[in-house]
Amino acid sequence: MIQALLEGVSMGLILSAMIGPVFFTLVQNSIAEGFRNTAVLATGIFLSDLIYVVITYFSVSAFAQNPYFEVFLGYGGALVLIGFGVSTFFKKTVQRPNSAGIDMIKPKKMSAFFKGFSINGVNPFVLLFWISIAGLVSLKDEFTSVDVFLYYVGILLTVFLIDLLKAFVAKQLKPFVTPKFMVNMNRVVAVVLVFFGVRLVLFAYEKHQSLKEVTMAWID
């Protein structure tokens, strides 16, 4: 059981080391909105991963036999990433004034949760990762049901805790952050999100074209 948990932790470390749209979103959101708001965002990421784990574990073969799902998810994911990118680019960053004892309006945590859930959930590369993990687990004949559970727990908790660590470290940089820096930071994150969105469009398009070629060859 301990071995299965350690293998899960090591796989979680590998996943956490990958730099993608989620990483940049965590850093930018932590600096702009604070650690608590970003912890909610990380919870949304965690939940989307958990849903993928359940779906892929119990129906990995169905996903493998339905390649058009990747196409639809690719286009949908691109739309979400580019949408967040454009809105982030034009988002106005202002220096927060002293509240003088007046309660300031706090960022809505529900929107942070949805942002994390959607940016991670609509990325087909995340789906492909969990499909590969489900396939890997299915090959481990020595794993019992408890081992499989601990393996996934190791991955999910490691990723979640490292996401929180990223947010905490980014939060510590806030005293050194100026409004001008935040404007530039927002624009960098926006460009990164649009970049990954364009990559998803190309991924979905190439996948669609290859499926069309296979279909045409089969018809001929």
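None of the figures in this text is laboratory data; all of them are computed from the coordinates on show. Remember, predicted model here, so these are calculated numbers, not experimental data. Positions of Cβ are backbone-derived with ideal geometry, glycine not excepted, and every protein chain shown enters the neighbour counts.
Whenever a residue of the range 29-42 is charged (D, E, K, R), its partners that are not in a helix (DSSP H, G or I), lying with C-beta atoms within less than 7 angstrom and at least six residues away or across chains, give the pairs E33/P107.
For the range 24-41, the criterion of being in contact with a Gly (Cβ under 6 Å, 6 or more places away or on another chain) and closer than 16 Å to V122 by Cα is met by at least one residue.
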